[in-house]
Amino acid sequence: MTTGTPRAFVVGHPIAHSRSPLIHGHWLAEHGIAGSYERLDVTPEAFPEFIRALLDSGFRGGNVTIPHKEAACALADTLTPRAQKIGAVNTLVVEPDGRIRGDNTDAPGFCAHLDHSLGADWPARGNGTAVVLGAGGAARAIVVGLAERGMRRIRVANRTPARAEAVAALAPGIADALAWDDLPAALAEAGLLVNTTSLGMKGQPPLEIDLARLPPGAAVADIVYAPLETDLLAAARRRGLDAVDGLGMLLHQAVPGFAAWFGPRPAVTPALRDRIVADLAP
Ligand code: ATR
């Protein structure tokens, strides 16, 4: 174990937009820990060398974001089974024996957020059926997370069907790819709809989807958090459905890393949320 002032990082390229320093800074202050959490801009070319130098750097680990999540998966010494399955790492921990462990905390972070927002029995909604829109990195993590939590059927719809097939293959026998045109019928049986596409994000086109077929009692989750209240979530609320915003996943995915680098397991509190919401305000 590295001694001295505990240090962790978030590495990406670009990295200026990352809210992770705010989140971890809030927790460091809350727990009175004299540690640091640093923002590092590292290019893809320099990333392998960055990983090689980690052991001697004094860092206890850090977060990895775009575009390095797949490279971190390839370069870590060990992977959690979840990171291996998802093929992407967002959390690195320098172990006491010097090995660098890669984990993916997006999957449990998303599920923890649903636990807090909906109660722990959400996987039973809609007889355990979810519809996931999109097939990028976030969808991979979420499909794995939903399958781990015991969802019985996960339907993945994406603009590019081949990518939906690839994501569905992460949960064989549970997930399948769904043609976009078949969405209305699938929604009629779903207890959870998750948007993992970038549609609805500030500056992007809106996600156009008719929620009329979703049964009462279904929940709609968006991973977009800028804006916090997307058109999708507003439409869900208008229908009286539970609406879960994307900020919680960002906050909850940070918890395991903080605990590994700094000791205490931090809480996702309204005060933390308010702080990030204020920072997101235009
Ligand atoms: P992330 O890693 O954050 O999930 P990503 O890998 O870029 O990001 O994935 C973005 C997702 O949004 C993809 O599912 C993408 O669809 P494609 O796989 O067809 O590219 C989806 N997406 C982005 N813009 C879209 C658009 N205009 N219409 C439909 N889907 C879109």
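The values are calculated or read from the model by the stated rules, or taken from the named source; none is laboratory data. Just so it is clear, the structure is predicted and the values come from calculations on it, not from any experiment. Glycine gets a Cβ as well: all are built from the backbone with ideal geometry, and neighbour counts include every protein chain shown.
Here F258 clears all of (1) surrounded by fewer than 14 Cβ atoms within 10 Å (Cβ to Cβ); (2) out of contact with any strand residue (DSSP E or B) (no Cβ under 6 Å at 6 or more places or on another chain) except the condition numbered (1). The selection criterion, being more than 18 Å from T105 (Cβ to Cβ), touching a strand residue (DSSP E or B) at 6+ places or on another chain (Cβ under 6 Å) and not assigned by TED's automatic domain parsing to the domain that holds V64, does not hold for L228.
Screening the range 71-81 for residues that are surrounded by fewer than 18 Cβ atoms within 10 Å (Cβ to Cβ) and either assigned to a helix (DSSP H, G or I) or of a type in the set (A, V, I, L, M, F, W, C) (or both) and picking the one that is nearest to the ligand (Cβ to nearest atom) gives A71. Scanning the range 124-164 for residues that are out of contact with any strand residue (DSSP E or B) (no Cβ under 8 Å at 6 or more places or on another chain), of a type in the set (G, A, S) and more than 15 Å from the ligand (Cβ to nearest atom) gives A124, G150.
With the structure loaded, tell me whether D245 is within 17 Å of V132 (Cα to Cα), more than 21 Å from the chain's Cα centre (by Cα) and either surrounded by 20 or more Cβ atoms within 10 Å (Cβ to Cβ) or not aromatic (F, W, Y) (or both) or whether it fails that test. No. Considering the range 18-70, and only residues there that are among the hydroxyl-bearing types (S, T, Y) and assigned to a loop (DSSP other than H, G, I, E, B), the residue that is nearest to A271 (Cα to Cα) turns out to be S18.
Filter the range 47-84 for residues that are among the acidic types (D, E) and either closer than 18 Å to D106 by Cβ or modelled with pLDDT under 95 (or both) and give the result. Spell out how you get there, then give the answer.
Pass one, the range 47-84, residues among the acidic types (D, E): 49, 56, 70, 77.
Correct list: D56, E70.
Among the residues of the range 100-108, at least one is within 16 Å of the ligand (Cβ to nearest atom) and part of a helix (DSSP H, G or I). Would you confirm whether or not the range 118-129 contains a residue that is crowded, with 24+ Cβ neighbours inside 10 Å and either without any contact (Cβ under 8 Å) to a residue 12 or more places away in the chain or more than 19 Å from the chain's Cα centre (by Cα) (or both)? The answer is yes, given that some residue of the range 118-129 is crowded, with 24+ Cβ neighbours inside 10 Å and either without any contact (Cβ under 8 Å) to a residue 12 or more places away in the chain or more than 19 Å from the chain's Cα centre (by Cα) (or both).
Counting only strands (runs of 3 or more DSSP E) that sit wholly inside the range 165-282, those with at least 2 residues that are within 16 Å of the ligand (Cβ to nearest atom) are 175-178, 192-195, 219-222. Only a single criterion out of (1) buried (at least 24 other Cβ atoms within 10 Å of the Cβ); (2) under 14 Å from the mean Cα position of the chain (by Cα); (3) farther than 16 Å from L193 by Cα is not satisfied by L92, namely (2).
Yes/no matrix, rows are residues, columns are (1) polar (S, T, N, Q); (2) loosely packed, with under 13 Cβ neighbours inside 10 Å; (3) farther than 15 Å from V94 by Cβ; (4) not assigned by TED's automatic domain parsing to the domain that holds G263:
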{"position": "V11", "(1), (2), (3), (4)": "no, no, no, no"}
{"position": "P14", "(1), (2), (3), (4)": "no, yes, yes, no"}
{"position": "H17", "(1), (2), (3), (4)": "no, yes, yes, no"}
{"position": "L22", "(1), (2), (3), (4)": "no, no, yes, no"}
{"position": "H26", "(1), (2), (3), (4)": "no, no, yes, no"}
{"position": "E30", "(1), (2), (3), (4)": "no, no, yes, no"}
{"position": "I33", "(1), (2), (3), (4)": "no, no, yes, no"}
{"position": "V42", "(1), (2), (3), (4)": "no, no, yes, no"}
